[in-house]
Every structure is written in C-alpha cells, then in structure tokens.
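Peer 1: This is the structure I want to talk about, given as structure tokens.
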Amino acid sequence: MLSRVAASCSERVVRTTLVRSFSAVAAASGAQWEGGIPDSIKRVGQTSAFPDEYPGMVYEFNWALNRDGVTPLKRSAFRINKPLDLKVAGLTVPKTMPLKVKAKAIPEAGTDALSFEAFDQACQEARDLLSLSDSLYCPEGHVPGTTTGVRIISNSSTVAPQVLAYLDRCPKKSPPQSMPITCFVLEGHATEFSGYSIEEIEVPVNPEEGVSVFDLGYQPKEAKSVATVVVAGKAPEVAKIVAGIEASQKALAQDEIERAKSAEDASKTE
C-alpha cells in the first residue's frame, strides 16, 4: 500500500515538474514573440497561386506554340486532333469527314510573285496578331495520303473544323513537337495575304549505336526541310490553306529525295 502511495506521489511530482517546465518555456516564448515574427524569418516576397491547367490551357502545348513563334497571351489555345477536341473547344463538328477541298494556288516565297522579305514580314505580323487573339484553334494531322505532319494555328472558329476534316488523323504525341508544315491562319485582318516558304534547318539526331554525345564531344545534326504557310484576311479561304499545305508537302518530299541521292553519290566516292 505504502509503495503504491509513494509511486503515485512520484508521478504527481514528475507531472507537476513537467507542467511547470513547459509553462516556463511557453511564457518565455510568449515574451519573445510579443513584438511579432522577427524580420529574420519573415517570408520574403508575396505568395501566388500557380494556375491549374484546363481545356485550352495546357502548358506543354503552349510551349510548343512558343517554339512555333506564337504565344497564346489570352491563355486559350486548343490542340485539335479529333472531332471530340472540336467539341471541347466549343466548335461544331463538320458533317462531312473526310472533306475534299479543291486547292487554290498561292505563291511561294523566293519567286517573282513573292519575295522572302515580304513573306517574312507577313508571317511575323500574323504570329504577333495570333498571339493577341482571344482563342487559338490548332488542328493537327497528316497531309492526306502521306505521313507528313501539319499544324494549323488560327483564330478562326470556322477554318479549324474544315481543316481538321481535310487532314488525315495522326497520333497525338506528348510532349507535342513542331510539325514539318506549320500554317498561320489569321482571320479578321484588313490586308489579304497568302503564301508559303520552304527552308532548310538542322535538327539533332542520335549518334551511332554504342556511342554517346559525350563520347563525340558534340551533338550530331542533319539537314531537314520545313515549310511555313501564311494565309491572312477578313475570311481566309480553306482552298488557299490546302494549296499551301499540298505544295509544301511536294517540296519537302522532293528535298528528301535529293538529299538521299546526294548521300548515295557521296558514299560511292568514298
């Protein structure tokens, strides 16, 4: 009995001591924080919420558009690969798919009909104005009967469904990459313009099997042709867009044939 009483008294002593100790610490802490949070540990700058993605606002696609020269400043850019994407963008699905379009020829940059300077100026203006558009509609697909990829960047809710119906469906890659053919289609522009341009760029390629970029000390690259189509005006004609796409595809295919022949000839002389 006495041992139980002694144990109980010991527990009370310990508890009382702990309570007093914690109370003393709390009192000291209270005195320390009376003047508010010390400047040394205050948050620097203001907090901000990182916006969530939503239909029309997908970061990896916005970056792809940036690489194409268009920045969707209004945070509304729809990547359209299939009819369902049209519905998500609030557009009407065409009744006729695939859509046959009779092309209406447009000039190529670098010819007597269109200088490179005039094309570059029109292209940059189209990109700038598309960046300021309330919404961008961006159908993607293959040139019909080929595997050549096309991306249209447009502010026209009328053009996008028609172009999607014209193109063959292509796989939706993630993250999205630039396409061999990029079309800038600007609706509501006072000046009518249409044209296309073919240029050669260098793209990174993987080294031979068993060899890394670090082993080589440089990044191997190869030449590749890409095309840009620009159609601008009050109401851009789909026939002109299709003409630019088809002419571009033929030019890109011809360039590949010529490169392959040059490589073959070079290998024979080695």
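Peer 1: Treat each spin label as a single point 7 Å out from the Cα along the C-beta direction, and report the residue 87 to residue 132 distance in nm.
Peer 2: Label-label distance for residue 87 and residue 132, simple model: 3.6 nm.
Peer 1: What FRET efficiency would be calculated for the residue pair residue 218, residue 157, taking the C-beta separation as r and a Förster radius of 35 Å, to the nearest 0.05?
Peer 2: Efficiency at R0 = 35 Å is approximately 0.15.
Peer 1: Compute the projected area of the convex hull of the Cα atoms of segment 102-228, averaged over all viewing directions, and report it in nm² to one decimal place.
Peer 2: 10.7
Peer 1: Next question, about the same structure. From the phi of every residue in segment 63-78, what ³J(HN,Hα) in whole Hz does the Karplus formula 6.51 cos²θ - 1.76 cosθ + 1.60 yield, where θ is phi - 60° and glycine or proline is x?
Peer 2: 5, 5, 5, 4, 5, 7, x, 10, 10, x, 5, 8, 6, 8, 9, 9
Peer 1: Right, something else. Give the long-range amide H neighbours of residue 115: residues separated by 5 or more places, or on another chain, with amide H under 5 Å away, using H modelled in the peptide plane at 1.01 Å from N.
Peer 2: Amide H neighbours of residue 115, under 5 Å, 5+ apart: 110.
Peer 1: For residue 71, which sequence-distant residues (separation of 5 or more, or a different chain) have an amide H within less than 5 Å of its own amide H, given hydrogens modelled in the peptide plane?
Peer 2: Those qualifying (amide H under 5 Å, at least 5 residues apart or on another chain) are 131.
Peer 1: For residue 186, what residues show an amide H to amide H distance below 5 Å, using hydrogens built from the backbone and excluding near sequence neighbours?
Peer 2: For residue 186, whose amide H was placed from the backbone, the distant partners under 5 Å are 231, 232, 233.
Peer 1: I want to check the label-to-label distance for residue 104 and residue 178. Put each point 7 Å from Cα in the C-beta direction and report it in nm to one decimal.
Peer 2: About 3.0 nm separates the two model spin labels.
Peer 1: With θ set to phi - 60°, apply the Karplus curve 6.51 cos²θ - 1.76 cosθ + 1.60 along segment 204-217 and write out the HN-Hα couplings as whole Hz, x wherever there is a Gly or Pro.
Peer 2: x, 10, 6, x, 4, 4, x, 10, 10, 4, 5, 5, 6, x
Peer 1: Using the Karplus equation 6.51 cos²θ - 1.76 cosθ + 1.60 (θ = phi - 60°), what ³J(HN,Hα) coupling, rounded to whole Hz, does each residue of segment 241-249 give in order, writing x for Gly and Pro?
Peer 2: 4, 4, 4, x, 5, 5, 5, 5, 4
Peer 1: Take the Cβ-Cβ distance between residue 235 and residue 269 as r, set R0 to 51 Å, and report the resulting FRET efficiency rounded to the nearest 0.05.
Peer 2: Computed FRET efficiency for residue 235 and residue 269: 0.40.
Peer 1: Still on this model: Volume per residue, Å³, of the convex hull around the alpha-carbon atoms of segment 171-270? Could the numbers behind the result be given before it?
Peer 2: Working: hull volume 16.2 nm³, N = 100.
Once divided by residue count, the hull of segment 171-270 is 162 Å³.
Read-outs: derived from the displayed coordinates by stated rules, not from any lab. Because the structure is a prediction, the values reported are computed rather than measured. As a convention, Cβ positions derive from the backbone with ideal geometry for all residues, glycine included, and neighbour counts pool all protein chains shown.
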